[in-house]
Amino acid sequence: MKLIINNPGLFLLCCLMIFSSCGQTQNTDNNNTMDTINNKNPYYSRSDTTKLNLTDAEWRKVLSPEIYAVSRNKETERAFTGKLWNFEGTGTYYCAACGNPLFRSDAKFASSCGWPSFFEVMHKNSVIYKDDNSFGMERTEVLCGRCGGHLGHLFDDGPLPTHKRYCMNSVALDFVPDAKAEGQDTITLGGGCYWCVEAVYEELSGVISVTSGFSGGTTKNPSYEEVCTGTTGHAEVVQIVFDKTLTSLDEILKVFFTVHDPTQLNRQGNDIGTQYRSVIFYRNDRQKETALDLIKSLNASKVYDKPIVTKVEKFAAFYKAEDYHQKYYENNKEQPYCKLIIQPKLEKFEKVFKDRLKTK
Ligand SMILES: [Zn+2]
């Protein structure tokens, strides 16, 4: 989803922010040699999530001068000079200093402020925040959650659904397009209400993104209300992008069979209808075989009292659900459904997979 600011007031505010937000003192040339430097940086890893705590001398050795200036010296590149401020592409933005995944491209919006802007981070642990009272301003500094490197600032003038604007330095980011992302895989799973399934996978180590939506039906771009009627053929699903070096399809599927009941046909508890069916949408033969093998072994070892009814179907299309459905549990923890239905599933997952949770 690409959001464009067409509100003149908001646009003016953004223009004003050029001087009050990231705009600081230092000019950083952005014709950097990021890729070359990253290849030489032994701490740069898109699969390692452990915290990095290096000395200044170590950082100086492994970072290009351009990245060092922003990441370690908290300098700011000139507006409209970075290579990513008006860049569009589908993929993931990583910390240029350490490889920590920070933003997905569908959270990027055209803010006209001259720096790449996002309305939400990939995971709540992707970044950390710090009060920044420098230059006589009260701002919130955004730092990488893994290496503590400076990325930019956070403002409250962003678009829906969060109203946040993560105003980042291009040079602090490393963009990797989806098709070329190394070691990543995507699977689409239906296990009843997607709010529940999404909440669980958000906590699993190695999961890069979880998106709630619809698959397996005939209606194009269905709304939640349409899917609820049960006539679109779609199932509520989550689309999971994961790092194969940190988790595996096998583990993703084991979690799936732990947090929903795969023996219930077209329902999960009180949620009844084909939209709540248990289904795995595979993208290739390897995914299909992994799913069928696991189902076979779960049936053979009688893990459940009844046979598994989970369908294994070829993936055709995924339609993202409305924004208020994304990260639903995280944003609505006090609601009765979340407390009664989602929380117990989450607790069960946390117990079984306690060694596999993302570090907080
Ligand atoms: Zn970092």
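Among 297, 80, 115, whose Cα sits farthest toward the positive end of the charge dipole of the chain (+1 at Cβ of Lys/Arg, -1 at Cβ of Asp/Glu, about the Cα centre)?
After comparing all options, I get 297.
If the limit is 24 Å between Cα atoms, which of 288/339; 124/351; 244/314; 254/345 go over it?
From 288/339; 124/351; 244/314; 254/345, over 24 Å: 288/339.
Can you bin segment 183-356 into rounded, prolate or oblate? Criterion: square roots of the alpha carbon gyration tensor eigenvalues sorted a ≥ b ≥ c, rounded for a/c under 1.5, prolate for a/b above b/c, oblate for the rest.
rounded
Using a Gaussian network model of the chain with C-alpha springs under 10 Å, which one of 284, 125, 221 is most mobile by mean-square fluctuation?
Answer for the Gaussian network model of the chain: 284.
Using the count of nearby Cβ atoms within 10 Å as a rough guide to exposure, how do 143, 151, 265 rank from fewest to most?
Taking fewest neighbouring Cβ atoms as first place, the list is 265, 143, 151.
Helix 343-352: angle to the longest alpha-carbon principal axis of the chain, degrees 0 to 90, nearest 10?
Taking the Cα atoms of the chain, the angle to 343-352 is about 90 degrees.
Springs between alpha-carbon atoms under 10 Å, Gaussian network over the chain: tell me which of 59, 115, 195 tops the mean-square fluctuations.
Maximum fluctuation in the GNM of the chain, among the listed residues, is at 59.
For 128, 252, which order do you get if you count the other beta carbons within 10 Å of each Cβ and list the fewest first?
Ranked by crowding around the Cβ, least crowded first: 128, 252.
On a 0 to 90° scale, report how tilted helix 285-300 is relative to the longest principal axis of the chain, with both axes built from alpha carbons and the result rounded to the nearest 10.
50 degrees
Rounded if a/c is under 1.5, else prolate if a/b beats b/c, else oblate: with a ≥ b ≥ c from the C-alpha gyration tensor eigenvalues square-rooted, which is segment 43-85?
Oblate, since a/c reaches 1.5 and b/c is not below a/b.
Show me the three semi-axes of the equivalent ellipsoid for segment 262-357, from the C-alpha gyration tensor (sqrt of 5 times each eigenvalue), largest first, rounded to whole Å.
Value: 25, 19, 15 Å, ordered largest first.
Under a no-solvent Debye model with one identical scatterer per Cα of segment 59-143, what's log10 I(q)/I(0) at q = 0.14, 0.16, 0.22 Å⁻¹?
These q points yield log10 I(q)/I(0) values of -0.55, -0.74, -1.40.
Please compute the Kirkwood hydrodynamic radius of segment 245-314 from all pairs of different C-alpha atoms, in Å with one decimal.
For segment 245-314, the Kirkwood estimate is 12.7 Å.
Tell me which of 231, 205, 258 sits at the most positive position along the dipole axis of segment 176-308, charges placed on C-beta atoms (Lys, Arg +1; Asp, Glu -1).
Most positive-ward Cα: 231.
Expressed in nm to one decimal, what extension gain is obtained for the pair residue 128 and residue 283 from 0.36 nm per residue of sequence separation less their Cα-Cα distance?
52.3 nm
In degrees, nearest 10, range 0 to 90: what is the angle between the Cα axis of helix 8-20 and the longest Cα principal axis of the chain?
Tilt of helix 8-20: around 50 degrees.
Looking at the chain as a GNM with Cα springs under 10 Å, which of 189, 54, 63 has the largest mean-square fluctuation?
Maximum fluctuation in the GNM of the chain, among the listed residues, is at 54.
Within straight cross-link reach of residue 320, meaning Cα distance under 19 Å, which lysines are found once same-chain residues fewer than 8 apart are removed?
Of all the lysines, those that pass the test against residue 320 - Cα under 19 Å, at least 8 places apart if same chain - are 2, 108, 220.
What dipole magnitude, in Debye to the nearest 20, does the chain give about its Cα centre under +1 on Lys/Arg Cβ and -1 on Asp/Glu Cβ?
620 debye
Residue 99's amide H: which non-local residues (gap 5+, or another chain) put their own amide H closer than 5 Å, with H modeled 1.01 Å from N in plane and none for Pro or chain starts?
45
By per-residue mean of other Cβ atoms within 10 Å, what is the highest-first order of 132-141, 43-52?
In decreasing order of mean packing, 132-141, 43-52 become 43-52, 132-141.
How would you rank 325, 153, 123, going from fewest to most other Cβ atoms within 10 Å of each one's own Cβ?
Ascending Cβ contact count within 10 Å gives the list 325, 123, 153.
Within a Cβ distance under 15 Å of residue 141, other residues only, what is the Lys/Arg minus Asp/Glu net charge?
+1
Rg(Cα) of the chain divided by 2.2 N^0.38 Å?
1.05
For the chain, what is the relative contact order in percent, using Cα pairs closer than 8 Å and at least 6 residues apart in sequence?
15 percent
Each reported figure results from applying straightforward, stated rules to the coordinates on display, with no laboratory input. These figures come from a predicted structure and were not determined experimentally. A quick note on method: Cβ atoms are made from the backbone with ideal geometry, for glycine too, and the neighbour counts reach across all protein chains shown.
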